[in-house]
Amino acid sequence: MQHSWIWLTLLAALLQAVRTAAQKRLAERLSTLASTYVRALFGFPFMVAYLALLGVPEVNGVAAGGLAFFVTCLVAALTQNLGTAALLSLYRTRNFAVANQLARTNLVFTAVLGTLFFSEVIAFAGWVAIALTLAGAAVLSAEQAPAGSGRRGITGLLSAIDGASLRTGLFVGAMFGLCNLMIREATEALGMASALERGAVTVVTVTGLQVVMLGGWLAIREPGFLARIWDERRIALLVGLTSALGSIAWFAAFALTNASYVIAVGQVEAVFTVLISTFYFRERLTSMEFAGIVAVVAGVLLFRLGA
């Protein structure tokens with residue numbers, strides 16, 4: 001039991017990698033927003049079942065959150081939807097491992113936004129880590145130079161940077177970073193003693209709002225979207241199940257030990273995404289992309305362990 005959080009974190013990282021791979025497949029058959037919606041629609045019943053297993057939530061504890069709880073959950077739901085949709089669109093132009101590592105910049109945005117608006121403090125080592133992570137993201141967005149192009153050194157790297165991919169990756173990071181902060185604020189607004197219960201109530205509320213909001217938007221913009229999703233129900237069920245189980249594992253790990261330790265071990269997701277990219281999607285990483293992944297992982301580890 002002493003190291004159970006490690007196994008939970010490894011499980012969560014693996015499930016997250018599998019879920020995003022399944023969503024990438026879905027995005028090849030459905031629209032970006034419909035693929036985004038699948039995660040909430042099919043994951044919601046599993047999350048409700050998990051909350052039921054924990055026991056009926058304390059009504060007074062939920063009521064104590066009041067308007068602050070609802071608003072933060074609403075912002076979290078919106079930003080997570082926007083971030084997921086942008087990530088799925090990034091899969092269309094970048095390979096699976098690269099797109100996922102660009103999304104890891106969410107930790108940078110969580111730190112910066114937390115400092116600006118939530119009174120958090122970043123040490124000098126943290127700023128160094130942020131710079132390293134952003135540099136890695138820039139390298140990841142760079143397009144491979146054709147043979148004989150003569151593009152070398154810093155100048156060649158700068159000219160190779162794909163601005164659209166970099167902007168999309170940073171947007172994904174910003175949305176997920178803001179979502180992280182909103183979820184934390186929502187859990188702290190609840191008047192419950194149990195961290196697991198607060199997390200479960202929050203994730204069910206956020207996911208429920210996503211089902212309603214994005215479902216309403218799709219009903220207007222893409223009539224018949226539910227039938228198209230149902231045609232892909234097997235892979236959609238995999239997305240929902242891995243999303244729910246992954247969220248449960250993350251919350252359980254965070255409840256058992258220091259969040260920095262969990263995030264550090266969670267960087268193994270980079271290995272899982274590279275393996276999935278190579279052996280499932282048959283994508284090849286360039287030496288530049290591999291260097292970018294190493295830089296992003298190193299920056300995240302430096303930031304979390306040096307905090």
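The values are calculated or read from the model by the stated rules, or taken from the named source; none is laboratory data. These numbers come from a predicted model, not from an experiment. Methodologically, a virtual Cβ is constructed for each residue, glycine included, from the backbone with ideal geometry; neighbour enumeration extends over all protein chains shown.
Among the residues in the range 284-295, are any under 29 Å from residue 34 (Cα atoms), of a type outside the set (A, V, I, L, M) and surrounded by fewer than 20 Cβ atoms within 10 Å (Cβ to Cβ)? The answer is yes, given that some residue of the range 284-295 is under 29 Å from residue 34 (Cα atoms), of a type outside the set (A, V, I, L, M) and surrounded by fewer than 20 Cβ atoms within 10 Å (Cβ to Cβ).
Within the span defined as the range 43-55, every residue fails to be closer than 23 Å to residue 170 by Cα, touching a residue at least 40 places away in the same chain (Cβ under 8 Å), in contact with a Ser or Thr (Cβ under 8 Å, 6 or more places away or on another chain) and surrounded by 21 or more Cβ atoms within 10 Å (Cβ to Cβ). Out of 87, 116, 107, one residue alone is modelled with pLDDT of 80 or more and at negative phi. It is 87.
Right, residue 29: in contact (Cβ under 8 Å) with a residue 60 or more places away in the chain and either touching a Leu at 6+ places or on another chain (Cβ under 9 Å) or assigned to a helix (DSSP H, G or I) (or both) or not? No, not satisfied.
Only one entry in 236, 298, 244, 270 is surrounded by 15 or more Cβ atoms within 10 Å (Cβ to Cβ) and under 23 Å from residue 197 (Cα atoms), namely 244.
Can you confirm whether the range 106-121 contains a residue that is outside any helix (DSSP H, G or I) and closer than 26 Å to residue 268 by Cα? No; the residues of the range 106-121 include none that is outside any helix (DSSP H, G or I) and closer than 26 Å to residue 268 by Cα. Is one or more of the residues making up the range 107-118 crowded, with 19+ Cβ neighbours inside 10 Å and free of Cβ contacts under 8 Å to residues at least 60 places away in the same chain? No; the residues of the range 107-118 include none that is crowded, with 19+ Cβ neighbours inside 10 Å and free of Cβ contacts under 8 Å to residues at least 60 places away in the same chain. You will find that of 270, 193, 227, the residue that is farther than 25 Å from residue 106 by Cα and either touching a Ser or Thr at 6+ places or on another chain (Cβ under 7 Å) or modelled with pLDDT under 90 (or both) is 193 and no other. Checked against the criterion of being among the small types (Gly, Ala, Ser), part of a helix (DSSP H, G or I) and modelled with pLDDT under 75, the range 163-177 contains one or more residues that satisfy it.
Taken as a whole, the condition of being at pLDDT below 80, surrounded by fewer than 24 Cβ atoms within 10 Å (Cβ to Cβ) and closer than 21 Å to residue 272 by Cβ applies to residue 139. Across the range 273-307, which residue is farthest from residue 138 (Cα to Cα) among those that are at pLDDT 75 or above and of a type in the set (Gly, Ala, Ser)? Ranking the candidates gives 277 first.
Would you mention how many residues in the range 278-299 are over 27 Å from residue 251 (Cβ atoms) and either under 16 Å from the mean Cα position of the chain (by Cα) or small (Gly, Ala, Ser) (or both)? Selection size over the range 278-299: 4. The residues on offer are 29, 104, and the sole one that is within 30 Å of residue 142 (Cβ to Cβ) and surrounded by fewer than 23 Cβ atoms within 10 Å (Cβ to Cβ) is 29.
One residue alone among 85, 40 is crowded, with 23+ Cβ neighbours inside 10 Å, among the hydrophobic types (A, V, I, L, M, F, W, C), outside any loop (DSSP other than H, G, I, E, B) and under 17 Å from the mean Cα position of the chain (by Cα), and that residue is 40.
Against the numbered list (1) aliphatic (A, V, I, L, M); (2) closer than 21 Å to residue 32 by Cα; (3) part of a loop (DSSP other than H, G, I, E, B), residue 192 comes up short only at (2).
Evaluating residue 253 against the criteria (1) under 20 Å from the mean Cα position of the chain (by Cα); (2) modelled with pLDDT of 85 or more; (3) of a type outside the set (S, T, N, Q) leaves one unmet condition, (2).
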